[in-house]
Amino acid sequence: ERAGAAVTGVENEHCGAYHPEVYLKILRELLPEFDARFIIFSHSSRGSDLAPALAPRLGARCISGVTGCRVTGEGIYFSREVFGGKLLMELCAGEERCIITVSQGSFKEEERGETHIGEVRIVKSTCVPSRMKSLESAAPPVEVGTPITEAEVIVAAGRGIGAPENLELIERLAALFARSAVGGSRIVCDLGWIPYQRQIGITGKTVSPRLYIACGI
C-alpha cells in the first residue's frame, strides 16, 4: 500500500478555458509554497507555453521535450532529442529548481498496487487577466479509434503516399491489426489529410508501439 498524491486545485472564474496570463500568475503565486525541486509539465502546446515563461519568474532552469531520465551519484540527467531526432542530448539538472516538459509516450506507466486517497485541497484565486484577452476557442475534432499514444501498431503516412485518396490503403493496412492506429507526418497534417491529434514527431506526439510502419515518409 502507498499513499496517493496530494492534490491542490485552484478555483478562478477565468480558468474555464486555458488563459496563459492567468495560469502563469496562479502558478507563480502557488508553486513557491511547495518548494519543489522539479516541476513537470506535459510537452504539449500548453506545457510548452507555460514552462519557459514560468522558469525565469521562479528562478528555475527549463529543460523541454524530455524523453528519458537517469539518476547517478553525480546528479540527475534528462535526455532530449535534437537535430530532428538525429542526436540525443543529455543535460544535468543540477541542484537548483528545474522545470521540465515531458514528451508524451516517453515513459511507461508502472503497475500500481493498492493506493490510499491523497489529500485534496482547493485554493481560491482572484487573479484576473490584464494584458491578454481570449477571443475564441474551438474544440478539436473528436478522435475516432485507438489514440496513437495507446496503439500497439501504428501505420503512419507521409506526403509520399501521393494523395489523400490513398489514405484508404493506409487505413486498410492498419485495420489488419488489433489495437492499431493511423498516424501522419507534419506535412500531411498541415495539408489537412490527417487531423493534428494523429501527428507523430517532434512537433507532434511521441509514440512507442510494438510495430511502426512508415509509408511515404
Which residues, counting only those in segment 174-192, are over 14 Å from Gly204 (Cβ atoms) and buried (at least 16 other Cβ atoms within 10 Å of the Cβ)?
Ala174, Phe177, Ser180
For Gly162, state whether it is surrounded by fewer than 13 Cβ atoms within 10 Å (Cβ to Cβ) and without any contact (Cβ under 8 Å) to a residue 60 or more places away in the chain.
yes
Reported set for segment 203-213 where residues are open to solvent by 60 Å² or more (accessible area, probe 1.4 Å) and over 22 Å from Val102 (Cα atoms) is Leu211
May I ask you to say which residue of Ile154, Ile200 is surrounded by 20 or more Cβ atoms within 10 Å (Cβ to Cβ), under 20 Å from the mean Cα position of the chain (by Cα) and farther than 21 Å from Ser45 by Cβ?
Ile154
Between Ile148, Ile76, Ile100, which is more than 29 Å from Asn12 (Cβ to Cβ) and within 17 Å of the chain's Cα centre (by Cα)?
Ile148
Evaluate the following for Ile154: is it of a type in the set (A, V, I, L, M) and part of a loop (DSSP other than H, G, I, E, B)?
no
Given (1) modelled with pLDDT of 90 or more; (2) open to solvent by 80 Å² or more (accessible area, probe 1.4 Å); (3) in a loop (DSSP other than H, G, I, E, B), Val128 misses just (2)
In the set Ile217, Ile187, Ile202, which member is touching a helix residue (DSSP H, G or I) at 6+ places or on another chain (Cβ under 7 Å) and assigned to a loop (DSSP other than H, G, I, E, B)?
Ile217
Search result, residues across segment 14-28 that are open to solvent by 50 Å² or more (accessible area, probe 1.4 Å) and at pLDDT below 90:
His14, Gly16, Ala17, Tyr18
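Condition check ((1) under 19 Å from Phe34 (Cα atoms); (2) modelled with pLDDT of 90 or more; (3) touching an Asp or Glu at 6+ places or on another chain (Cβ under 6 Å)) across all residues:
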| residue | (1), (2), (3) |
| --- | --- |
| Ser64 | no, yes, no |
| Arg70 | no, yes, no |
| Glu95 | yes, no, no |
| Ser103 | no, no, no |
| Glu136 | no, no, no |
| Pro141 | no, no, no |
Residues of segment 15-64 that turn out to be in contact with a Ser or Thr (Cβ under 7 Å, 6 or more places away or on another chain) and among the aromatic types (Phe, Trp, Tyr), as a count:
1
Any residue in segment 92-105 that is in contact with a helix residue (DSSP H, G or I) (Cβ under 8 Å, 6 or more places away or on another chain), open to solvent by 40 Å² or more (accessible area, probe 1.4 Å) and without any contact (Cβ under 8 Å) to a residue 40 or more places away in the chain?
no
Boolean, Ser48 is in a helix (DSSP H, G or I), within 20 Å of the chain's Cα centre (by Cα) and either surrounded by 11 or more Cβ atoms within 10 Å (Cβ to Cβ) or modelled with pLDDT of 95 or more (or both)
yes
For segment 30-39, indicate whether the set of residues that are among the aromatic types (Phe, Trp, Tyr), open to solvent by 70 Å² or more (accessible area, probe 1.4 Å) and in a helix (DSSP H, G or I) is non-empty.
yes
What's the total number of residues in segment 53-66 that are surrounded by fewer than 19 Cβ atoms within 10 Å (Cβ to Cβ) and in contact (Cβ under 8 Å) with a residue 60 or more places away in the chain?
0
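The values are calculated or read from the model by the stated rules, or taken from the named source; none is laboratory data. This structure is a prediction, so every number in the text was calculated from the model and none was measured. Neighbour counts run over all protein chains shown; Cβ positions are idealised from the backbone, glycine included. Surface areas here come from the heavy atoms of the whole protein model, side chains and all, with no ligands, DNA or RNA. Shrake-Rupley method; radii C 1.70, N 1.55, O 1.52, S 1.80 Å.
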